[in-house]
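Working notes for the structure below.
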Amino acid sequence: MSNIIEIENALKLENSIFIDVRSESEYAEDRILNSVNIPILNDEQRKIVGTLYKQEGKEKAIEKGLELIADKLKDIYIELKKLSSEYDNLIIYCARGGMRSSLFVNFYSGLGINMHKLDGGYKKYRKYVIDFLENADKNYEFIVLHGLTGVGKTDALKYLSSKNISSLDLEGFAQNCGSVFGYLGFEKEPPSQKMFETLLFDYIINSNSKYIFTESESRRVGYVMLPENIYNMTIDKGYHILVEDSTENRIQRLVNQYVNLSSKDDDKISESIEKLRKRLGNEKTDYLNEKLHLKQYDKIAEELIINYYDPLYKYSIDKFNYDNIINVDEFEKAMDDLINIHRQLHEGSLK
C-alpha cells in the first residue's frame, strides 16, 4: 500500500528515487535533483486536457486524460517494476500533490508496487528549497575567495573539491562566469533560476562541513541571480580571503579558461569583444579584433586584464577587510594553506 510522505522525511530516505510525473517542460524547468521523469501526460496532452477542462468541465477533462494515458500504462508499469527492483523507496510527485500523482500512486499500488506520494508535490518542495536558502546562514558559513580576474579562484575551488572539501562553484552551477565572456568554456545550457536555486540547495544541504568555500560574486551570475541571503553570506558574513597572483600567470589562466586555441571559438570571442566597444572605444576594440585575427590570445587577455577587468573590479576588491591573503604563485602550497584554514575553522581554533 502507498503512503503520503513529507519532503523532509523523503529526502532522508536511503536507497530511494523520486519519480516526477509532470510533463517534460515542467521537469526541465526545475525538479528534485536526480529524479526520473515519467510523465503521466506529456506537454501536448496536458494542453489538450487543460483546454477541455476550461471549455467543458472537469469530468470531460478526466475522461480525455484517461483516454490519453491508457496506452502508456503497460510501459510505465514495466519501468516502475525495474526501478522498484533497484530502489527500496519510490517517491512520486506532481505539481501540487494532486490528481496526477494520486492517480499514478493509487493505480500502480493496486498492482503491487510499493511507493510513497510526496505531500504537496513539487510546490511544497520548492517552498522547502526557498526556506532553506533564506535561513542557510544559521547553519553554514562561507569561506569566500576574492581576487582579480584570472587569479585562479575557480581552480582553487576545483582542487579543494577534489580533496573532498566543500567548495561551492557558483559559476559552474550558473554555467557562466558573469562577464561578457562568461559563457565561453561552458558546455551546458544555463539553468533556469529555479534550477539554479535547487542546485545551491542540494549542494549546501549535503555539504560535509559547516564551512564551505566559494567565490565572491556579484548578485547576478550570468543569466541567474544569487538568492539574497546566499549573496549576503558571501558579502557581509563569513571568512574572507584575498587571492593574488602575477599578471603573467593571470593572462595564461585567462587564455586557458576562455579559449580552446581553435578557430571554432573565434566567432564567439569576437561577438563578446564587440559588446565592449562602447566601454573600450573603437581603437581598443579594433586592436582586440586584430589580435584575435592573428590568434594572439595572450595579447587579448593582457589588454582585457589591464584595461578592462582590473579597473572594473578593483573597487569591489578594495572595499573588503580580509581575514587572510593567499598568493597562488606556488599553487600547491597555497592550497595547503587554504585546507589548513578550513581545518582550523572547523576545529574552532581560528576566528
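The values are calculated or read from the model by the stated rules, or taken from the named source; none is laboratory data. None of these values were measured; they are calculated from a predicted model. Cβ atoms come from the backbone with ideal geometry, glycine included; neighbour counts cover every protein chain shown. To get the accessible areas, we keep the full protein, side chains included, count just its heavy atoms, and leave off ligands, DNA and RNA. Shrake-Rupley method; radii C 1.70, N 1.55, O 1.52, S 1.80 Å.
Could you please state how large a percent of the accessible area of the chain is carbon and sulfur, counting protein chains only and using a 1.4 Å probe?
Roughly 47 percent of what the probe reaches on the chain is carbon or sulfur.
Can you tell me the Rg and Dmax of region 1-89, counting just the alpha carbons, in angstroms?
15.2, 45
Taking amide hydrogens as modeled 1.01 Å from N in the peptide plane, which residues meet the under 5 Å criterion relative to residue 4, leaving out close sequence neighbours?
Amide H to amide H, under 5 Å and 5 or more residues apart or across chains, residue 4 pairs with 117.
Can you list residues whose amide H is under 5 Å from residue 19's amide H, if they're 5+ apart or on another chain and H is modeled 1.01 Å from N?
36, 91, 92, 93
I'd like to check one number: the per residue accessible area of the chain, probe 1.4 Å, reported in Å² as a whole number. Don't jump to the answer; show the numbers that get you there.
Values: 18670 Å² over 351 residues.
Value for the chain: 53 Å² per residue.
Indicate, rounded to the nearest 5 percent, the antiparallel portion of the DSSP beta bridges found entirely in the chain.
DSSP beta bridges in the chain are roughly 5 percent antiparallel.
Take the Cα pairs of the chain, get the Kirkwood Rh, then feed it into Stokes-Einstein at 25 °C and 0.890 mPa s and tell me D in µm²/s.
D, rounded to a whole number, is 105 µm²/s.
Just to be sure I understand: if I project the alpha-carbon convex hull of region 245-314 onto a plane and average over all orientations, what area do I get in nm²?
For region 245-314, averaging the hull's shadow over all directions gives 4.5 nm².
How do the peptides 123-130, 84-91 rank, highest first, by the average count of neighbouring beta carbon atoms within 10 Å per residue?
My ranking of the peptides, most packed first, is 123-130, 84-91.
Relative to the longest principal Cα axis of the chain, at what angle does helix 99-109 sit, 0 to 90 degrees, rounded to 10?
Helix 99-109 sits roughly 60 degrees off the main axis of the chain.
Which of the residue pairs 153/295; 163/210; 58/127; 54/123 have a Cα-Cα distance greater than 19 Å in the structure shown?
With Cα atoms farther than 19 Å apart: 153/295; 58/127; 54/123.
Once the Cα atoms of helix 331-347 and of the chain are each reduced to a long axis, what angle between those two axes, in degrees from 0 to 90 to the nearest 10, is obtained?
Value to nearest ten degrees: 60.
So what's Rg/Rh here for region 49-193, counting alpha carbon atoms and using the Kirkwood radius for Rh? Can you show the working numbers first?
On the way: Rg = 22.5 Å, Rh = 20.0 Å.
Using Cα coordinates only, the ratio equals 1.13.
From the backbone phi of region 63-76, what are the Karplus-calculated ³J(HN,Hα) couplings (6.51 cos²θ - 1.76 cosθ + 1.60, θ = phi - 60°) in whole Hz, Gly and Pro given as x?
4, 5, x, 5, 5, 6, 8, 4, 6, 8, 4, 5, 4, 5
Would you please give the residues with an amide H less than 5 Å from that of residue 244, counting only those at least 5 places away or on a separate chain, with H modeled from the backbone geometry?
Result for residue 244 returns 326, 327, 328.
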